[in-house]
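Worksheet: the structure to be examined is printed underneath.
A short reminder: the numbers here are calculations on the coordinates, not readings from a lab. Owing to the predicted nature of the structure, the values given are computational and were not obtained by experimental measurement. Counting neighbours? That spans all protein chains shown, and the Cβs are built from the backbone with ideal geometry, glycine included.
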Amino acid sequence: MLDTIRNSCFPRAALSALTSSPLRRRFAQGTFWSLVNLIVRRGGGLVTSIFLARILGKDSFGKLGIIISTINLFSLVGSFGLGATATKYVAEYRQKHPERAGRVLALSSVVAWVTGLLSASAILILAPYLANHSLAKPELLQALRICAPLVLLTAVNGAQTGALSGFESFKDLAVTGIFFTIATLPLQAVGAWKWGIEGALWGQVAGLVLNGLLNFRVLLRNARDHRVVLSFSEWKAERWVLWSFSFPTVLSGLLILPVNWFCAALLVRQPHGFAEMAGVTAGNQWRGLVAFLPALLATVCFPIAASLPKDGRFRKIALRGLALNYGAGLAACLLVVPFRSRILAMYGPNFGSAGPVLVLLMLAGVLEGGNEILFRALLILDKGWWRFISNGLWGAVMLFLSWRWIPTRGALGLASATVVAVVCHFLVQIVMFYRFLPRQRETPVFQTQEPLPKLT
């Protein structure tokens, strides 16, 4: 059925132009199926958030927002950058060195379970302190404990999704996303209606269990089709990728999510802080929508670019991806901003004052779309440590401005700090991008390496 939809959406002439070369065909197919996946997941997430805001109310929805920030923080450590690691090295090795691809798959699976369990244990231990001191809301203790299985499942699902992206199995990811969204939306809505915040979180746990089982099934099939054998007895031979790739990736993320969590915690400790946080949570949902197409293009370009030699073709893909990401994000922002009042009214009658916050966060989403391409280009070029430095500069700006503006401006101060920090982040990364990106042109296959002798 999905193939029929694809054929009806694109005329035959357009399909012929998009599939005129193997590289274009891979990009077109990956873009279509990733588009389906992201539409389903992001659209389902938006609908779910509106239902939850209506069921829980503004104050409780703000509490759910800080809980989600906590899950994202611990999930980053649990995931350990293994999704991006699996994508890069599976895409690079699956054809030339399938035995190495199998070892990387086994490595990412084992380490994901280990780091996921460690992060889940950490959140169980720290839950009382976070509830009583960091958030000053003891009633959130049980909800924070439910975050433990969510962190573990997020880590495992991230490694599986990264591996499937490395195989360029975007159609399987789209089908899995459809089942996940169909199951999760009613589970979270019914859970929130019956048991409040805790019920919504348990609904998410059930959805992630289903998603992990489906991912595991299609991952085994893709590995078999590419003659990649998961080698759990020799996975330690590839442990070097943890230091050269996974470690700088997770450290780069650790400079982002803790900063975002700290700024959110600073906001909720202000007068009417959770009500302010509800507006930020709604704005972040639509900020994710603005980053929808940029995230799609980055997801498709990453495994394709990783499988190419680092010559002029790689440079061309990176630059075109950067232009497409900014154009797509800006177009989405211009479509949504005029309807911000109606959008916020869907969340409830008390969300109308969050209009400026929504606009600023969507502007930040536009810039983040381009930053995603720059980030992935640095990863492919094995410059993960430079990404770590750029994130450190972003974190310093974000913390300083939030500390100055949140006490006086509340949610608007947090959104303003986000925009300025993202602009600074872009400027730093664009300098690194042009510094490390290969500039030589690709050599045509018919061009000889030595000049031809002159005729006499």
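Residue-wise, which Karplus ³J(HN,Hα) couplings in Hz belong to segment 128-134, taking 6.51 cos²θ - 1.76 cosθ + 1.60, θ = phi - 60°, and x for glycine or proline?
Each residue of segment 128-134 in turn: x, 5, 4, 5, 7, 10, 5 Hz.
Relative to the Cα centre, what is the charge dipole magnitude of segment 26-239, using +1 at the beta carbon of each Lys and Arg, -1 at the beta carbon of each Asp and Glu, and rounding to the nearest 20 debye?
Approximately 300 debye in magnitude.
If you bin the C-alpha pair distances of segment 121-225 every 5 Å from 0, what whole percents do you get?
2, 13, 19, 17, 16, 13, 10, 6, 3, 1, 0
Over 31 Å between Cα atoms: which of Lys58/Lys171; Lys58/Lys383; Lys171/Lys194; Lys171/Lys316 fall into that group?
Lys58/Lys171; Lys58/Lys383; Lys171/Lys194
Relative to the present Cα-Cα distance, how much length would full extension add between Glu99 and Trp193 at 0.36 nm per residue of separation?
Using 0.36 nm per residue and subtracting the Cα-Cα distance, I get 28.9 nm.
Under the classification rounded if a/c is under 1.5, otherwise prolate if a/b is larger than b/c and oblate if not, where does segment 176-295 fall, given a ≥ b ≥ c as square roots of the Cα gyration tensor eigenvalues?
oblate
Restricting attention to the alpha-carbon atoms of segment 115-181, what are Rg (one decimal) and Dmax (integer), both in Å?
16.0, 45
State the extension gain, in nm to one decimal, for the chain segment bounded by Leu117 and Leu319, taking 0.36 nm per residue of separation less the distance between their alpha-carbons.
Between Leu117 and Leu319, full extension yields an extra 68.8 nm.
Please compute the length gained on full extension between Ile39 and Ile125, using 0.36 nm multiplied by the number of residues separating them and subtracting their Cα-Cα distance.
Stretched fully, the Ile39-Ile125 segment lengthens by 27.3 nm.
Mind giving me the FRET efficiency for Leu427 and Trp240? R0 is 45 Å, r the Cβ-Cβ distance, nearest 0.05 is fine.
It comes to 0.90.
Using a simple spin-label model with points 7 Å from Cα along the Cα→Cβ vector, what separation in nm is obtained for Glu139 and Val110?
With each label point 7 Å from Cα toward Cβ, the separation is 4.7 nm.
Shape call for segment 47-176 from the C-alpha gyration tensor, a ≥ b ≥ c root eigenvalues: rounded (a/c under 1.5), prolate (a/b greater than b/c) or oblate?
Oblate shape, in that a/c is at least 1.5 and b/c is the bigger or equal ratio.
What shape does segment 255-437 have by the C-alpha gyration tensor, where a ≥ b ≥ c are the square roots of the eigenvalues, rounded means a/c under 1.5, and otherwise prolate means a/b greater than b/c and oblate the rest?
Note, shape of segment 255-437 comes out oblate.
Mind checking which of Ala28, Val209, Leu52 is farthest towards the positive end of segment 26-239's charge dipole, using Cβ charges of +1 (Lys, Arg) and -1 (Asp, Glu) about the Cα centre?
Ala28
Residues with beta-carbon under 13 Å from that of Pro128, excluding Pro128: net charge, scoring Lys, Arg +1 and Asp, Glu -1?
+1
Applying 1/(1 + (r/R0)^6) with R0 = 22 Å to the Cβ-Cβ distance of Val47 and Val209, what FRET efficiency is obtained, to the nearest 0.05?
Rounded to the nearest 0.05, the efficiency is 0.55.
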